[in-house]
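Report on the structure given below.
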Amino acid sequence: MINFRSDRVAVTVPATSANLGPGFDCFGLALDCRDEVSAQITPTGTSVTVTGEGAGTLPTDDTHLVVRAMVAGFDRIGRRPTGLQVSCHNRIPQARGLGSSSAAIIAGLLLARELTAGENSLTGDEAVLALAAELEGHPDNVAACLLGGATVAWTASGGARAVRLSPHPSLRPVVFVPADQALTVRARAALPVVVSHADAAANAGRAALLTHALSDRPDLLFAATEDWLHQRYRAEQMPATAALVATLRATGVAAVVSGAGPAVLALTAPPSGFHPGAGWRSWSGPVAAGAAVSTPSATLGP
């Protein structure tokens with residue numbers, strides 16, 4: 001018999017950047033910006049409160065992505081609760097290529113696991129990652145969100161797998177966030193079905209170099225972040241993003257499109273006094289730890 005906890009549980013989940021240039025759909029990096037999500041089982045019904053990013057636009061019923069992920073988790077465990085009350089305090093920008101959907105999915109699955117008393121089918125991180133990748137459609141962001149640090153993810157016969165790299169202590173990503181949003185599905189639609197062997201070989205070499213540069217040789221990050229597979233094809237949809245990446249790289253900064261965009265990630269420091277221009281905001285911080293169970297705070301409700 002599967003039993004549920006009666007108390008409120010909470011998790012924090014980091015923003016993430018995927019691809020990091022050549023590592024399309026496999027590389028991820030956890031960023032220093034976290035959503036806080038808590039949940040409690042109720043006698044009936046589903047309600048969601050949202051503060052911060054997405055407040056007033058995200059759904060507040062069982063169509064909210066955190067709830068949908070929780071339901072998927074409970075179904076994998078083998079029993080759904082009677083009702084849920086979920087509170088989200090969001091800091092991760094929505095629809096900017098910073099992993100907001102992956103954060104919601106990981107939060108939902110971990111909450112489902114924590115609300116279930118005792119061992120269950122989501123007890124291990126491997127099980128959480130596999131289901132999260134099923135829900136998201138690819139494992140790059142969810143792996144970095146769950147495990148933290150820098151990650152390399154892939155899909156095998158048993159589902160998604162990932163390893164965590166230890167980022168070099170000097171790595172301090174800078175994130176540039178535009179005012180406009182973008183849809184991942186549109187960005188993916190811009191990609192060609194076939195690429196040349198030369199482009200594929202070039203990307204494979206840079207992706208291999210990137211694993212070394214992230215952990216041991218940050219001086220190689222500029223070369224390691226060159227890409228031939230996706231960024232050039234998305235440039236027409238995101239001209240401001242492409243222009244900012246080009247401007248930063250012209251000064252020697254290891255800048256890339258963050259995930260499907262339109263945010264930009266710099267893995268090395270921009271020149272002193274650099275300003276991205278009107279309509280952009282930025283933050284810098286250390287590479288983040290992964291998702292974690294936390295104590296519910298006052299911002300998350302009762």
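The values are calculated or read from the model by the stated rules, or taken from the named source; none is laboratory data. It should be emphasised that the depicted structure is a prediction, and the values quoted were computed from it without experimental measurement. Because the Cβ atoms are built from the backbone with ideal geometry, glycine has one as well, and the counts that use them run over all protein chains shown.
Quick notes on this one:
- Exactly one residue out of Leu214, Leu248, Leu210 is farther than 30 Å from Ala104 by Cα and not small (Gly, Ala, Ser): that is Leu248.
- Residue match in the range 257-264 (condition: of a type in the set (Ser, Thr, Tyr), surrounded by fewer than 17 Cβ atoms within 10 Å (Cβ to Cβ), touching a residue at least 12 places away in the same chain (Cβ under 8 Å) and out of contact with any helix residue (DSSP H, G or I) (no Cβ under 8 Å at 6 or more places or on another chain)): no
- Thr225 vs. criteria touching a helix residue (DSSP H, G or I) at 6+ places or on another chain (Cβ under 9 Å) and of a type in the set (Val, Ile, Thr): yes
- Restricting attention to the range 203-222, the residues that are surrounded by 15 or more Cβ atoms within 10 Å (Cβ to Cβ) and without any contact (Cβ under 8 Å) to a residue 60 or more places away in the chain add up to 7.
- Among the helices (runs of 4 or more DSSP H) confined to the range 98-168, there are none with at least 3 residues that are in contact (Cβ under 8 Å) with a residue 40 or more places away in the chain and outside the structural domain of Ala69 (by TED's automatic domain parsing).
- Pick from the range 218-236, criterion out of contact with any Gly (no Cβ under 8 Å at 6 or more places or on another chain) and more than 17 Å from Ala269 (Cα to Cα), ranking: modelled with the highest pLDDT: Trp228
- If you go through the range 1-32 and pick out every residue that is of a type in the set (A, V, I, L, M, F, W, C), in contact with a Ser or Thr (Cβ under 7 Å, 6 or more places away or on another chain) and part of a loop (DSSP other than H, G, I, E, B), you end up with 2.
- Within the range 250-265, being out of contact with any Gly (no Cβ under 8 Å at 6 or more places or on another chain) and modelled with pLDDT under 95 holds for no residue.
- Among the residues of the range 72-86, those that are assigned to a helix (DSSP H, G or I) and either buried (at least 17 other Cβ atoms within 10 Å of the Cβ) or not assigned by TED's automatic domain parsing to the domain that holds Gly108 (or both) comprise Ala72, Gly73, Phe74, Arg76, Ile77.
- Members of the range 213-237 that are of a type in the set (Asp, Glu) and outside any helix (DSSP H, G or I): Asp216, Glu226, Asp227, Glu236
- Selected residue (only one of Val253, Val245, Val194 is without any contact (Cβ under 8 Å) to a residue 60 or more places away in the chain, assigned to a loop (DSSP other than H, G, I, E, B) and surrounded by 20 or more Cβ atoms within 10 Å (Cβ to Cβ)): Val253
- Residue under evaluation Gly52, criteria (1) closer than 30 Å to Ala201 by Cα; (2) touching a His at 6+ places or on another chain (Cβ under 8 Å); (3) not hydroxyl-bearing (Ser, Thr, Tyr), criterion not met: (1)
- Take the conditions (1) in contact with a helix residue (DSSP H, G or I) (Cβ under 8 Å, 6 or more places away or on another chain); (2) under 30 Å from Asn203 (Cα atoms); Cys33 misses just one of them, which is (1).
- Sole exception among (1) at pLDDT below 95; (2) closer than 30 Å to Ala224 by Cα; (3) in a loop (DSSP other than H, G, I, E, B) for Ile92, by number: (1)
- Complete set of residues in the range 266-302 that are part of a strand (DSSP E or B), aliphatic (A, V, I, L, M) and either over 30 Å from Arg113 (Cβ atoms) or modelled with pLDDT under 95 (or both): Ala266, Val293
- Candidates Asp25, Asp75 - the one that is under 30 Å from Gly149 (Cα atoms), at pLDDT 95 or above and among the acidic types (Asp, Glu): Asp75
- Enumeration of residues in the range 48-71 that are surrounded by fewer than 16 Cβ atoms within 10 Å (Cβ to Cβ) and of a type in the set (Asp, Glu): Asp61
- Residue among Asp35, Asp61 that is part of a loop (DSSP other than H, G, I, E, B) and either in the same structural domain as Leu111 (by TED's automatic domain parsing) or not basic (Lys, Arg) (or both): Asp61
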